[in-house]
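To start, the structure itself, in structure tokens.
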Amino acid sequence: MVEIKTDTSIEAMRVAGRIVAQALTAVREAAAVGVSLRDLDRTARAVLADADAGSPFLGYRPNWAPTPFPAVICTSVNDAIVHGIPDDHRLRDGDLVSIDCGAIHGGWVGDAAVSFTVGRARPEDAALIATAEEALDAGIAAATVGNRIGDIAHAVGRVCRAAGYGIPDGFGGHGVGRHMHEDPGVPNEGRPGRGMPLRHGMVLAIEPMVIGGGKDGHYTARDGWTIRTADGSRASHAEHTVAITDDGPRILTAL
Ligand code: MG
Ligand code: MG
């Protein structure tokens, strides 16, 4: 069931969303060669604590997960696409890092992700990151009243495919509200004009993922969480929580 949010609820979600943006900004600033993924998690925890916010990630255990998620961010490095667990891995020159973060404030959730490189970026990684961001922008632009879920999916997928990248099947965006994952699902590829009509008050996480090698294959690592590319190529992820309004899409996880 899709929960339509009131304008007051959307304002409250904006507060949660801004906290996510602040956490991602702090993590990005802290990320450098030699810094561990666990250090980045500590950085995000401090931002959430300062803002009196909780984490929808910490302790999260969907039915497929072997263990509760142990951190407030996902850290997915190089061939990891999403859901990487922060550990003692220290960032190396040229690593491509995707950070996914959530916050709960006033009972409302924000969810966003950003990808960047540490140290000297390889040109192909910069292109991969730029394409995920471009796909996110296209998806947000399609998140308008009168459009349908398929229009968002099509806009996202078209940008990724035009660049020659793979799209991991089975992963995509979702409704956001009092829970991190609500209806409807927002696929990263689809047919325009299909699916649920978009209405004022729907709040969606739109989150393109692209695989540099051009194939869609992926697998779950032994930790039961981390999703990696099947061909070992690098991946990039970008995400915003977006409210659909009569005045157009509103990004709730901007700074
Ligand atoms: Mg996320
Ligand atoms: Mg999400």
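The values are calculated or read from the model by the stated rules, or taken from the named source; none is laboratory data. Note that the structure is a prediction, hence the values are computed from the model and not measured. Surface accessibility is based on the protein's heavy atoms, side chains included, excluding ligands, DNA and RNA. Shrake-Rupley method; radii C 1.70, N 1.55, O 1.52, S 1.80 Å.
Just a few scattered comments:
- For the set MET13, MET1, the ranking by accessible area, highest first and with no ligand, DNA or RNA atoms included, is MET1, MET13 under a 1.4 Å probe.
- Heavy-atom accessible area with a 1.4 Å probe sorts TRP64, TRP225, largest first, into TRP64, TRP225.
- Using heavy atoms of the protein chains and a probe of 1.4 Å, the accessible area assigned to ARG90 is about 130 Å².
- Listed residues MET180, MET209, MET196, most fluctuating in the chain (Gaussian network, C-alpha, under 10 Å): MET196
- Using all pairs of distinct alpha-carbon atoms, the Kirkwood hydrodynamic radius of the chain works out to 17.8 angstrom.
- Surface composition of the range 100-255: carbon plus sulfur atoms contribute 51% of the solvent-accessible area (1.4 Å probe, protein chains only, all chains present).
- For the residues ARG18, ARG222, ARG38, a GNM of the chain with alpha-carbon springs under 10 Å puts the largest fluctuation on ARG222.
- Rounded to the nearest Hz, the phi-derived 3J(HN,Hα) couplings of the range 18-33 under the Karplus curve 6.51 cos²θ - 1.76 cosθ + 1.60 (θ = phi - 60°) are 5, 5, 4, 4, 5, 5, 5, 5, 5, 5, 4, 5, 7, 5, 7, 4, where x marks glycine and proline.
- Kirkwood hydrodynamic radius of the range 3-99, Cα pairs, Å: 14.5
- Highest-fluctuation residue, ILE152, ILE227, ILE19 considered, GNM on the chain with Cα pairs under 10 Å: ILE227
- The eigenvalues of the Cα gyration tensor, multiplied by 5 and square-rooted, give the range 113-255 an equivalent ellipsoid with semi-axes of 26, 16, 15 Å from largest to smallest.
- Overall dimensions of the range 70-148 as given by Cα atoms, namely Rg and Dmax in Å: 15.1, 47
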